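J.: Got a structure here, written out as structure tokens. Questions coming.
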Amino acid sequence: MTIYQNLIAGEWTGADAVENINPSDTKEVVGLYASGSAADTKNAIAAAKAAFPAWSRSGIWERHVILKKAGDEIMARKDELGALLAREEGKTLPEAIGETIRASQIFEFFAGEALRLAGEVVPSVRPNIGVEITREPLGVIGIITPWNFPIAIPAWKIAPALCYGNTVVFKPAELVPGCSWAIVDILNRAGLPKGVLNLVMGKGSVVGQTMLDSPDLAGITFTGSVGTGKRVAVSSIEHNRKIQLEMGGKNPMVILDDADLNVAVEAAANSAFFSTGQRCTASSRLIVTEGIHDRFVAAMTERLKSLNVDHALKTGTHIGPVVDERQLKTDIDYIEIGRQEGAKLAFGGELISRDTPGFYLQPTLFTEATNQMRISREEIFGPVASVIRVRDYDEALAVANDTPFGLSSGIATTSLKHATHFKRNAEAGMVMVNLPTAGVDFHVPFGGRKGSSYGSREQGKYAAEFFTVVKTAYTLA
Ligand code: UN1
């Protein structure tokens, strides 16, 4: 089998490889991918540092052309890359193709942004002096991405990094190197100069740690667990490094008595269970008012019965497998914790076997949960959600906000008054009305509050805040 290698200083390198396993069929090896060493990581950082002066001054047309070419190739190969994504991560083929299209759109968006770089010219408070405010590239950026969006999250960090003139050391999640390798290959062939984008696949404890220890990374943008995010933060203070962290969520979805039941069930089923619940934007707390509670639980249970859990590539699969054995164990442990805490298992909770050996788990719904239970406070990151019964809107809002996290927050209601109040008072970076908490647009800001996020927003034109540094220049006229 060929080894998909790391890209360091424009050269493909690396002989040590690990198997990329398909969670829908653990007999299938998706490919062999290099596992970089600390020395590889240091070389990649040095290459990015050496490439920075020229790339930071490169013309905006050059950046536009490369990003556009990458976006176009990803779109042209959406079916093939979508299948690779579904094989390595386990989300269904339609979801995986959708995510691939999103990655293409992100490159197209930032190809456009490269042409729209601008600053401000303002008068000084002193006469005969002019002031210019411009954005300059930050420097070498470390990019660390999670396994649950193997192509979209790398795209939404790499595209703005390059657009604004930075150079990159990119470490994708060990579980899903395939899509990351593919987009680095695409960008490399699209004409990026050597060293501008370096790929170092490998272990967090080796590659990630070497990145954290480096004084040469001006910024790290990270999406992943709260624990690792905190380590990125602590190490970055030491190096006076800018950081952007996207971490966990425990997103609420409020369902009010006046909700359209179908809208509420569709939004909740999508939020909680699509992509196997493995989204930081997933909703795992369904906060339901008394008047609709029993009807909602009955309709939701019916909806869950209609969802097929199976091989990600099989037509008709709604929910793919859990990503790996470790995550499956976490999910099962939490299901047991929920039972012990006294929540009622209304649906699911069991492992399922299919034609191929994979990590198949039924979508699992608890009812009679309280917001104090661990299953309501800790992020599970699997197809597990609980229904919390509340009296009225006021209690629903209070429970929705009573969480250490604050990424996305949803409400199903036909009341303009409650929708408006919720949009203003939900303590979250993103609020969704009659929509799932997950599934975001590519051209608008993404991010959260409280324990979910740290630093400025990702995506859209707000991404410039992280990937650039502002300069204020004064000139005597
Ligand atoms: C989405 O819900 O469309 O890791 C995107 C995650 C998020 C991305 C969610 N950073 O789940």
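Taken together, the values in this text are just the output of simple stated rules run on the coordinates, not laboratory data. Note that the coordinates shown come from a computational prediction; the quantities given were computed from them, not determined experimentally. All Cβ positions, glycine included, derive from the backbone under ideal geometry; neighbour counts span all protein chains shown.
J.: Within region 384-439, track down each residue that is within 16 Å of the ligand (Cβ to nearest atom) and among the polar types (S, T, N, Q).
T.: Passing the criteria: Ser408, Ser409, Thr437.
J.: Assess whether Ala298 counts as being under 17 Å from Ala385 (Cβ atoms), in a helix (DSSP H, G or I), free of Cβ contacts under 8 Å to residues at least 12 places away in the same chain and more than 16 Å from the ligand (Cβ to nearest atom).
T.: yes
J.: Continuing with this model, one more query. So which residues in region 440-477 are away from the ligand (no atom under 12 Å from the Cβ), assigned to a loop (DSSP other than H, G, I, E, B), surrounded by fewer than 18 Cβ atoms within 10 Å (Cβ to Cβ) and not hydroxyl-bearing (Ser, Thr, Tyr)?
T.: Those that are away from the ligand (no atom under 12 Å from the Cβ), assigned to a loop (DSSP other than H, G, I, E, B), surrounded by fewer than 18 Cβ atoms within 10 Å (Cβ to Cβ) and not hydroxyl-bearing (Ser, Thr, Tyr): His443, Pro445, Arg449, Ala477.
J.: Same structure, new question: Condition first: without any contact (Cβ under 8 Å) to a residue 40 or more places away in the chain, over 20 Å from Gly320 (Cβ atoms) and hydroxyl-bearing (Ser, Thr, Tyr). Now tell me which residues in region 364-385 satisfy that.
T.: Thr370 - this is the single residue of region 364-385 that is without any contact (Cβ under 8 Å) to a residue 40 or more places away in the chain, over 20 Å from Gly320 (Cβ atoms) and hydroxyl-bearing (Ser, Thr, Tyr).
J.: Further question on the same structure: Output the residue which, of all residues in region 258-282 that are away from the ligand (no atom under 16 Å from the Cβ) and touching a residue at least 40 places away in the same chain (Cβ under 8 Å), is farthest from Pro23 (Cα to Cα).
T.: Looking at residues that are away from the ligand (no atom under 16 Å from the Cβ) and touching a residue at least 40 places away in the same chain (Cβ under 8 Å), I get Asp258.
J.: Select from region 214-261 the residues that are under 30 Å from His293 (Cβ atoms) and part of a strand (DSSP E or B) and list them in ascending order.
T.: Listed by number, the residues that qualify are Asn251, Pro252, Met253, Val254, Ile255.
J.: I need every pair where a residue in region 436-448 that is in contact (Cβ under 8 Å) with a residue 12 or more places away in the chain has its Cβ under 8 Å from the Cβ of a residue that is among the β-branched types (Val, Ile, Thr) and more than 9 Å from the ligand (Cβ to nearest atom), sequence separation at least 6 or different chains.
T.: Phe442/Ile106
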